[in-house]
Each structure stands twice: as structure tokens, then as C-alpha cells.
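The values are calculated or read from the model by the stated rules, or taken from the named source; none is laboratory data. This is a predicted model, so every value here is computed, not measured. Cβ: placed from backbone, ideal geometry, glycine included. Neighbour counts: every protein chain shown.
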Amino acid sequence: MILSDIRILEEMEVGNIIIEPFNKECLGTNSYDVHLGKHLATYRNRVLDAKLHNEVDAFEIPKDGFVLQPSTLYLGVTLEYTETHKHVPFLEGKSSTGRLGIDIHATAGKGDVGFCNTWTLEISCTQPVKIYAGMPIGQLIYFVVEGEIETLYNSKINAKYNSPSTRPVESMMWKNKF
């Protein structure tokens, strides 16, 4: 079951969902619009290695925008910091973003109950497109969880993306044992 706008507001009122900054105009019928933060990053090396810490070069999006190029993975970040203590948050692209040929996540659209952070975006595009800090980039949808939760994400010892950040966070796959 997906939470409605009224239900999202009720859950925010009791602290189960936190969105900062919050703007009621961004609340849809059953979602909340999130915006692109001012930081982007690209990987330093063209060939990435899943067993190594692949470093990134971060930069700020200029006020007059930045042109994304195809065949490049950009890591972005949401302007909004969110906390979700009882629901499963999903981040999806907005249709207006998709119609510009922008994908905002390769595979990581689902958050975990207990996720407390900004969202790192895995941005790619089908043709060159100019983007701007603060533009609507996606929408959060909240699903009800069936059953009790044993361990919230923010209390997991091995959670790799728990450190609060206003910048995109590179892959931490290298921390896995394989």
C-alpha cells in the first residue's frame, strides 16, 4: 500500500517521516517531489573495479547550469534530507525528468526503513541535457511495511551509507567480502 498525501502528512506529524526542507507545494497525491542538490561527482577512472574504492571528483553545479553528457555516470544528491522510520521509501524519477532523457537511478530506487540521509542519485542521460541545482529531479513514494522490523537501517553495524552527507556518495561495494 502506498501512502496518500494526507497519510504522508500524518506520518510527518508523528515523526515517522522527516523531509527537510519541506514544502507542502511539493506534496503530490501520493508522493513528495525532491530536488537536485548543488553537488555532482564523476568517477576519476573510466574503468571501475568492484573490489576497489573508486574515487570521485566532486564539483558544484554552476548557477547557469551544467550539461550532462551521455556515456557518463554522474552521482548527484537530493537537496532534501529524509528520515523514514516505519515505511519503505522509493525514489522514482519524475515524468518531466524522464522526458528530458534523464535517469536518476540505475538500480538503487528503494530505501530501507531507518534510512536517514540525503539520496545519492545515479544520473545518466540519453543525449546532452542542461540541468540546474534546485530543479525537481524525482519523487519519493512511501510503502507500508508488513510485519515487525528487527533492525532498522540506521542501526545496522554494516550499513555502508549511514554517514550524513550533502554530497553524492560513491559506491561502497569494495567494503563487501566476495
Open item on the list: Looking only at region 86-128, filter to residues that are under 17 Å from residue 143 (Cα atoms) and in contact with a helix residue (DSSP H, G or I) (Cβ under 9 Å, 6 or more places away or on another chain); which one of those is modelled with the lowest pLDDT?
Closed with: 111
Task: Matching residues in region 34-50 - criterion: being under 23 Å from residue 109 (Cα atoms), of a type outside the set (S, T, N, Q) and either exposed (fewer than 12 other Cβ atoms within 10 Å of the Cβ) or under 19 Å from the mean Cα position of the chain (by Cα) (or both) - done: 34, 35, 36, 37, 38, 39, 40, 41, 43, 49, 50
Task: Hits in region 55-100 (condition: over 14 Å from residue 120 (Cα atoms), in contact with a Lys or Arg (Cβ under 7 Å, 6 or more places away or on another chain) and without any contact (Cβ under 8 Å) to a residue 60 or more places away in the chain) - done: 57, 88
- [ ] Sort out which residues of region 141-160 are buried (at least 16 other Cβ atoms within 10 Å of the Cβ) and either touching a Leu at 6+ places or on another chain (Cβ under 6 Å) or in a loop (DSSP other than H, G, I, E, B) (or both), and write them in order of number.
- [x] 142, 152, 159
Open item on the list: If residue 165 satisfies all but one of (1) in contact with a helix residue (DSSP H, G or I) (Cβ under 7 Å, 6 or more places away or on another chain); (2) closer than 19 Å to residue 39 by Cβ, what's the number of the condition it fails?
Closed with: (1)
Task: Wholly enclosed strands (runs of 3 or more DSSP E) of region 60-105 bearing at least 3 residues closer than 17 Å to residue 133 by Cα - done: 66-68, 74-77
TODO: Look at region 117-166 and say how many of its residues are more than 27 Å from residue 30 (Cα to Cα), charged (D, E, K, R) and within 16 Å of the chain's Cα centre (by Cα).
DONE: 1
Task: Criterion (modelled with pLDDT of 95 or more and of a type in the set (A, V, I, L, M)) met by exactly one of 131, 149 - done: 131
- [ ] Search region 77-128 for residues being among the polar types (S, T, N, Q) and farther than 30 Å from residue 148 by Cβ, and hand back the single one that is surrounded by the fewest Cβ atoms within 10 Å (Cβ to Cβ).
- [x] 95
